[in-house]
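Enquirer: The structure is given below, and queries will be raised subsequently.
Read the figures in this text as sums done on the coordinates, not as results from a lab. The model shown is predicted, which means the values in this text are computed figures rather than measured ones. Every residue, glycine among them, receives a Cβ derived from its backbone with ideal geometry; neighbour counts consider all protein chains shown.
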Amino acid sequence: MTRHNEFGQPIGPDVDRALSAPTPGRVTLLGEHCRLEPLDAAAHVSGLFAAFDAAPDASDWTYMPVGPFASEADYREWAEVAALAQDPLQFTVVRNDSDEPLGTLSLLRQDPKNAVVEVGFVAFSRAMQRTVFSTEAHFLLMRYVFDALGYRRYEWKCDALNAPSKRAAERLGFSYEGTFRQATVYKGRSRDTSWFSIIDTEWPALRAEFTRWLTPENFDAAGAQLTPLRTQK
């Protein structure tokens, strides 16, 4: 039921918790299949560039604000700067069984005062896309944001023309909120931006579903899922 103030105007619910939330930190987040490590140019660049360079073309960089990178040296130059930034705070996804870096993602547009943060700058190599590593990497970052830091809202934004990113957001449990027209310009192109979010009241059910999906019993001997991720409301 909507409540009203003394003037008869509808108002939102009280926030009965402490704010601000903590600022995201350079932490390592360990999962069953992979882990997230703070981006370290010395440790990760060679493996990351090799993983990205194995793709048959540069289409994975079309909707990214940076890239493609012509050489490992070019990528290293970018990574050395990116690794020092607090926002975006870049993480590398590393396989547990081989210590091989597979991709990166970040926490950006950090707003600890309102306990809001965005996941973005997602660069997953072909060896990572549509695998358990991709899903678990996102789960690890969500769990850190909601359970460790206590954020209220977790955002996903992408080019409105980036259909794979929009499908990924919906599969992972994000709710579509609308499209901001001509929201930004990148690579000389105008971008309409689609907005998605997960809020803290939705997280317990999503956490349980990710945990169920990631159990070893949900995968066959070849590593294929037996049941899909069921995150739709």
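Enquirer: Tell me which residues, restricted to the range 201-233, are assigned to a helix (DSSP H, G or I), touching a Leu at 6+ places or on another chain (Cβ under 7 Å) and of a type in the set (Asp, Glu).
Expert: Scanning the range 201-233 gives a single hit, Glu209.
Enquirer: Name every residue in the range 97-127 that is surrounded by 14 or more Cβ atoms within 10 Å (Cβ to Cβ), out of contact with any Lys or Arg (no Cβ under 6 Å at 6 or more places or on another chain) and part of a loop (DSSP other than H, G, I, E, B), in order of residue number.
Expert: Listed by number, the residues that qualify are Glu100, Pro112, Ser125, Arg126, Ala127.
Enquirer: Just give me the residues in the range 187-230 being more than 20 Å from Ser134 (Cα to Cα) and in contact with a strand residue (DSSP E or B) (Cβ under 7 Å, 6 or more places away or on another chain), in sequence order.
Expert: Ser190, Arg191, Asp192, Thr193, Ser194, Trp195, Ile199
The rows are residues; the columns are (1) among the hydrophobic types (A, V, I, L, M, F, W, C); (2) in contact with a helix residue (DSSP H, G or I) (Cβ under 9 Å, 6 or more places away or on another chain).
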residue	(1), (2)
Thr2	no, no
Phe7	yes, no
Leu48	yes, yes
Asp57	no, no
Thr62	no, no
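Enquirer: Can I ask one more? What are the pairs with Cβ atoms under 6 angstrom where one residue, in the range 128-145, is within 13 Å of Thr104 (Cβ to Cβ) and touching a residue at least 24 places away in the same chain (Cβ under 8 Å) and the other, located anywhere, is of a type in the set (Ser, Thr, Tyr) and assigned to a helix (DSSP H, G or I)? Sequence gap at least six, or different chains.
Expert: Qualifying pairs under 6 Å: Met128/Ser134.
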